[in-house]
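Take a look at the structure below.
The values are calculated or read from the model by the stated rules, or taken from the named source; none is laboratory data. Fair warning: this is a prediction, and the values are worked out from it, not measured in the lab. Counting neighbours? That spans all protein chains shown, and the Cβs are built from the backbone with ideal geometry, glycine included.
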Amino acid sequence: MGIKSFQGARKNQNSTEDIPLKVSDYMTTKLITFRPDQSVEEVIDSLINNRISGGPVVNDKNELVGIISEGDCIKHISESRYYNMPMEDDKIENRMIKNVETIDGNMNIFDAANKFLKDKRRRFPIVEGGKLVGQISQKDILKATLKLKSQNWKK
């Protein structure tokens, strides 16, 4: 009698080389963006209507100039009330984060996940040749890992 293997026949297993692992494979490219001259009220309206927590601010050449978030808008509302100033006059260029940290579209998604943890950010824009090309969020990383699990981590 021959020795039988307890390991069943292997069917075309995917190697990790076949699975896309770059940020650019999972980033969002259809972004809701803002302009520096928009009012904070316009941004608040857009955040609520689009169910997003923030977004990139770009100039006329689609170059990233900042990021605006719910927190930035809330800070504006709080300060407006505190200083008894009208809200509608303020532009987001006065409220946005200007020194925006970006992420490389060629970065491995696992390294990106680590960067999210280390930097405590909700989203990172991706810039190529000075132009905004996409954004990766924590949710995009989660979606990527589920997709990878279904391809490579099956039981």
Here are some conditions: (1) surrounded by 13 or more Cβ atoms within 10 Å (Cβ to Cβ); (2) within 15 Å of the chain's Cα centre (by Cα). N62 meets all but one. Which one does it not meet? (2)
Residues of the range 93-113 being touching a strand residue (DSSP E or B) at 6+ places or on another chain (Cβ under 9 Å), small (G, A, S) and not in a loop (DSSP other than H, G, I, E, B), in sequence order, are A112
If I filter the range 111-150 down to residues being over 27 Å from I68 (Cβ atoms) and surrounded by 13 or more Cβ atoms within 10 Å (Cβ to Cβ), which single residue comes out as modelled with the highest pLDDT? T145
Among (1) crowded, with 16+ Cβ neighbours inside 10 Å; (2) at pLDDT below 80; (3) within 19 Å of I52 (Cα to Cα), I77 falls short only on (1)
Filter the range 32-52 for residues that are buried (at least 16 other Cβ atoms within 10 Å of the Cβ) and of a type in the set (A, V, I, L, M, F, W, C); which is farthest from N108 (Cα to Cα)? V40
Pairs please, first residue from the range 126-149 and free of Cβ contacts under 8 Å to residues at least 60 places away in the same chain and under 19 Å from I32 (Cβ atoms), second anywhere and outside any helix (DSSP H, G or I) and of a type in the set (K, R), Cβ atoms under 7 Å, 6+ apart in sequence or on different chains. Q138/R122
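Could you check, for the range 14-31, whether at least one of its residues is closer than 28 Å to N94 by Cβ and either of a type in the set (D, E, K, R) or at pLDDT below 85 (or both)? Spell out how you get there, then give the answer.
Applying the first criterion (closer than 28 Å to N94 by Cβ) to the range 14-31 yields 28, 30-31.
Still in the list and also either of a type in the set (D, E, K, R) or at pLDDT below 85 (or both): 30.
Yes, there is a match, as at least one residue in the range 14-31 is closer than 28 Å to N94 by Cβ and either of a type in the set (D, E, K, R) or at pLDDT below 85 (or both).
Going by what's in this entry, would I92 be described as surrounded by 13 or more Cβ atoms within 10 Å (Cβ to Cβ), at pLDDT 85 or above and in contact with a Cys (Cβ under 9 Å, 6 or more places away or on another chain)?
Numbers: surrounded by 13 or more Cβ atoms within 10 Å (Cβ to Cβ): yes; at pLDDT 85 or above: yes; in contact with a Cys (Cβ under 9 Å, 6 or more places away or on another chain): yes.
Against the criterion (surrounded by 13 or more Cβ atoms within 10 Å (Cβ to Cβ), at pLDDT 85 or above and in contact with a Cys (Cβ under 9 Å, 6 or more places away or on another chain)), I92 qualifies.
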